[in-house]
Amino acid sequence: MDSSAAVSLALLEPGAAERLLGSCQSIVTTDQIVGDAFHALESFALRSDSMVVWNEDEARATLHVAPEELMSALRRTLERAADLVRRLPRVARPELRALRGMPADRAPQAWLTALDHAKEHNLVLWCDDRALRTVARSVGVAAFGTLALIDACQREETVAPREAMVLRAELLRHHYMDIPFSSELYGFAAQADGWQARAVAAAIARPTAWTDAQAVVRLVLNAAAKVIVSEPNHAAAWLTAAYVGLWRATLPSHRAANLQTFSIQAVTQPWVSASSLPFLLTGLRNGAAEVQSGDGPLMAALARYYGQLVGQLGHPEAGTEFMSLFSQAVAADKSAAARIVITYRDN
């Protein structure tokens with residue numbers, strides 16, 4: 001086992017971590033992995049919770065203080081990871097013996113010692129560093145991650161399906177990427193985060209999450225609805241993540257149409273009002289800026305929405321309703337809305 005797998009186990013409920021450990025026939029690590037874990041813990045204890053960062057909006061340096069809750073959570077994770085590897089059987093690995101190409105006079109990097117030991121003794125490497133697993137396989141060492149172990153335990157019925165889902169959600173909440181999408185899993189993780197646009201939103205911004213585009217969009221719009229009143233910036237961030245993820249997951253020939261469809265779905269949500277629209281537009285525009293797609297899909301969606309209003313209310317009343325919706329928008333968006341109304345032609 002290497003240190004990345006220990007950190008994964010440290011994120012999980014202790015009983016679940018013990019069951020995953022017990023599912024393996026035997027586990028061994030190295031003295032260097034243990035030493036590295038305790039070195040990380042000691043380094044964290046010396047770390048300040050404050051740092052000076054550059055504020056782009058204010059064009060000046062500002063002091064950023066990490067929340068005590070975050071620092072405490074990180075400390076607990078490091079403590080548990082160090083305790084986990086300390087209790088494992090371990091071997092000394094003062095030098096790399098099986099990995100060729102490393103200078104003999106160099107002290108080994110701790111993170112390579114587990115791989116080196118696995119290669120020499122024909123063992124399987126438990127590792128949650130995707131790059132290191134790729135390296136392991138390239139030198140003939142079989143490797144797996146904690147997610148694969150959870151899947152195996154579920155297949156063997158040593159972990160119940162519900163518990164397996166909870167374990168995957170916990171890893172997803174800690175930015176384990178490319179976990180296969182399911183509405184139940186991603187929704188559970190998002191709810192555990194108070195529907196704030198955190199790790200689940202980051203996962204949705206990746207193309208691998210979009211195996212069921214309609215289900216992803218439903219989740220995003222539901223998440224935005226949960227926080228639009230209390231935390232509208234998080235609602236905007238959900239929309240940004242979805243815009244980016246959909247753009248990345250769509251073939252270039254279909255991007256404009258798909259993004260337009262997503263934008264009109266967002267605009268026509270029942271929670272959209274004059275007070276929430278600015279956040280919705282910010283979210284969609286931020287997504288467009290990140291992928292450099294331009295605002296064409298958004299403008300086309302707004303024009304389509306206005307056309308629907310005209311069909312329901314007639315042009316004069318639709319114009320009044322549409323402009324009322326933009327009453328709290330920034331000047332540029334008000335101008336864009338007015339342009340849509342003025343240039344609209346009933347086909």
Exercise. Quick one: which residues, 5+ away or cross-chain, put their amide H under 5 Å from the amide H of Ala143? H built at 1.01 Å from N.
Key: Leu125
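Can you list which of the trypsin sites (Lys or Arg not before Pro) found in the stretch 5-86 are DSSP loop residues with at most 13 other C-beta atoms within 10 Å?
On the way: sites: Arg19, Arg47, Arg60, Arg75, Arg76, Arg80, Arg86; in loops: Arg47.
Hits after loop and neighbour filter: Arg47.
Roughly speaking, what is the stretch gain from Glu184 to Gln328, that is 0.36 nm per residue apart minus the C-alpha to C-alpha distance, in nm to one decimal?
Numbers: separation 144, 0.36 × 144 = 51.84 nm, distance 3.56 nm.
Taking 0.36 nm per residue and subtracting the Cα distance, the gain is 48.3 nm.
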Self-check item: Exposed GluC sites (Glu not before Pro) absent: longest stretch of the chain, with sites in DSSP loops and at most 15 other Cβ within 10 Å deemed exposed
Solution: 158-347
Self-check item: Added length on full extension, which subtracts the Cα-Cα distance from 0.36 nm per residue, Leu63 to Ala131
Solution: 21.1 nm
Practice problem: Report P(r) for the stretch 86-221: all Cα-Cα distances, bin width 5 Å, range 0 to the bin holding the largest distance, values in whole percent. | Solution: 2, 9, 16, 15, 15, 13, 11, 9, 6, 3, 1, 0
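Sorted by packing (mean other beta-carbon atoms within 10 Å per residue), highest first, where do 251-260, 300-309, 27-36 land? Working shown, then result.
Numbers: 251-260: 13.7, 300-309: 18.7, 27-36: 20.5.
Packing proxy ranking, top to bottom: 27-36, 300-309, 251-260.
Which value results when the Cα radius of gyration for the stretch 13-152 is divided by 2.2 N^0.38 Å? The partial results should precede the final answer.
Details: Rg = 18.6 Å, N = 140, 2.2 N^0.38 = 14.4 Å.
That works out to 1.29 for the stretch 13-152.
Peptides 277-284, 292-299: what's the order by average Cβ count within 10 Å, highest mean first?
Put in order of decreasing packing, that is 277-284, 292-299.
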Quiz item: Where does helix 277-291 land angle-wise versus the long Cα axis of the chain, in degrees 0 to 90, nearest 10?
Solution: 60 degrees
Quiz prompt | Potential lengthening between Ile342 and Trp111 on full extension [0.36 nm per residue; Cα-Cα distance subtracted] | solution = 76.8 nm
Exercise. Provide, in order from the shortest bin, the percent of all Cα-Cα pairs of the chain in each 20 Å bin, continuing until the bin that contains the maximum pair distance.
Key: 25, 46, 24, 6, 0
Exercise. Give me the angle, in degrees from 0 to 90, between the Cα long axis of helix 255-267 and the longest principal axis of the Cα atoms of the chain, rounded to the nearest 10.
Key: 70 degrees
Exercise. Return the FRET efficiency for the residue pair Val52, Ser253: r is the Cβ-Cβ distance, R0 is 41 Å, and the value is rounded to the nearest 0.05.
Key: 0.35
Self-check item: Rounded accessible area of His174 (nearest 10 Å², 1.4 Å probe)
Solution: 80 Å²
Quiz item: Using the scaling law 2.2 N^0.38 Å as the reference, what is the normalised Cα Rg of the stretch 230-332?
Solution: 1.07
Quiz item: Between Rg and the Kirkwood Rh of the stretch 1-76, both from Cα atoms, what is the Rg to Rh ratio?
Solution: 1.15
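The values are calculated or read from the model by the stated rules, or taken from the named source; none is laboratory data. Keep in mind the model is a prediction, meaning the values are calculated, not measured. Cβ: placed from backbone, ideal geometry, glycine included. Neighbour counts: every protein chain shown. Quick note on the areas: whole protein, heavy atoms, side chains included, nothing else; ligands and nucleic acids left out. Shrake-Rupley method; radii C 1.70, N 1.55, O 1.52, S 1.80 Å.
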